[in-house]
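A short worksheet on the structure shown next.
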Amino acid sequence: MVPRLLLRAWPRCPVVGPGAPRRRLSAGSGPSQYLQRSIVPTMHYQDSLPRLPIPKLEDTIRRYLNAQKPLLDDGQFRKTEQFCKSFENGIGKELHKQLVAQDKQNKHTSYISGQGFDRHLFALRYLAAATGTILPELYLDPAYGQINHNVLSTSTLSSPAVNLGGFAPVVSDGFGIGYAVHDNWIGCNVSSYPGRNAREFLQCVEKALEDMFDALEGKSIKS
């Protein structure tokens, strides 16, 4: 199921789907407008960006536990914490060394750091599988499966040559959201498997966007 939402510089209408609600995104090019046109190509500075190093394993584990703590009760969290300590002090060290060695041989790539942990742990899991290592208990922990069960999966490809693209859900009960942002319109395609109501989700997206527009225009948000 793939409903579509388009917001263009046309009058509003209550329809959700191919004849979707439309609303002006920007009325000019001044600094107060929602979107502004840039004369610099999007990827112009890509090659000059600093190469980010792979974070320390202990930092990734700490971020992972910080993300898990609000989701688990005390007993579940202590169990997950034990899995993490065992991984960090055991096979995780060797896998991390292999990952760092591969990174040094691929200078054209860069690791995205910050508060993230998922790509680092995913890379270590991939290395374990690639080298025939028994999957560490950390990855068998139900808490790991839960936090990596991404109900919302999004991607974008904004280009004058592309009107609108799609993106598939990555779990059976999830939504895939392909969205685009242009100078005078934004839009998205929402896909799902039969068990989910993508059209109802799209109505919620429409309401959220309308609320943001109202806030930007100084209007009261309708309940």
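The values are calculated or read from the model by the stated rules, or taken from the named source; none is laboratory data. Being a predicted model, the structure only gives us computed values, none of them experimental. Positions of Cβ are backbone-derived with ideal geometry, glycine not excepted, and every protein chain shown enters the neighbour counts. For accessibility, only protein heavy atoms count, side chains too; no ligands or nucleic acids. Shrake-Rupley method; radii C 1.70, N 1.55, O 1.52, S 1.80 Å.
Please arrange ASP141, ASP118 by accessible surface area, largest first, computed with a 1.4 Å probe and ligands excluded.
Ranked list, largest accessible area first: ASP118, ASP141.
To the nearest 10 Å², what's CYS204's accessible area with a 1.4 Å probe?
Result for CYS204: roughly 80 Å² accessible.
Let me cross-check PHE122: its accessible surface, 1.4 Å probe, with only protein heavy atoms counted, in Å² to the nearest 10?
PHE122 has an accessible surface of roughly 100 Å² with all protein chains in place.
With a Förster radius of 41 Å, plug the Cβ-Cβ distance of MET212 and HIS108 into 1/(1 + (r/R0)^6) and report the FRET value to the nearest 0.05.
0.60
Take the solvent-accessible surface of the protein heavy atoms, probe 1.4 Å, and return the percent of it on segment 70-213 that carbon and sulfur atoms account for.
The nonpolar share, carbon plus sulfur, comes to 55 percent.
Please work out the Cα convex hull volume for segment 152-217 and give it in Å³ per residue.
83 Å³
For segment 50-148, with every protein chain kept in place, what is the accessible area per residue (1.4 Å probe, Å²)?
On a per-residue basis, segment 50-148 sits at 63 Å².
How much of TYR193 can a 1.4 Å solvent probe reach, expressed as accessible area in Å² and rounded to 10?
110 Å²
Just tell me which lysines come within less than 28 Å, Cα to Cα, of LYS104; anything on the same chain fewer than 8 places away is out.
LYS56, LYS85, LYS93
Loop only by DSSP, 10 or fewer other Cβ within 10 Å of the Cβ. Give me the GluC sites (Glu not before Pro) in segment 159-223 that pass, ordered by residue number.
GLU217
If R₀ is 25 angstrom, what is the calculated FRET efficiency for the pair VAL151 and GLN98, using the beta carbon separation as r and rounding to 0.05?
Efficiency computed from Cβ-Cβ geometry: 0.20.
Of VAL171, VAL100, which has the most accessible area with a 1.4 Å probe, and how do the rest follow in descending order?
Solvent-accessible surface, decreasing: VAL100, VAL171.
At R0 = 25 Å, how high is the FRET efficiency between GLN203 and VAL181 if r is their beta carbon distance? Nearest 0.05 is fine.
Efficiency, from the Cβ-Cβ distance: 0.80.
Given a 1.4 Å probe and heavy atoms of the protein chains only, how would you sort LEU138, LEU99, largest accessible area at the top?
The residues order as LEU99, LEU138, largest area first.
How much accessible area per residue does segment 152-217 have, in Å², with a 1.4 Å probe?
Here the residues of segment 152-217 average 53 Å² of exposed surface.
Report the label-to-label distance for ILE134 and SER48 in nanometres (one decimal), using points 7 Å from each Cα along the Cα→Cβ vector.
5.2 nm
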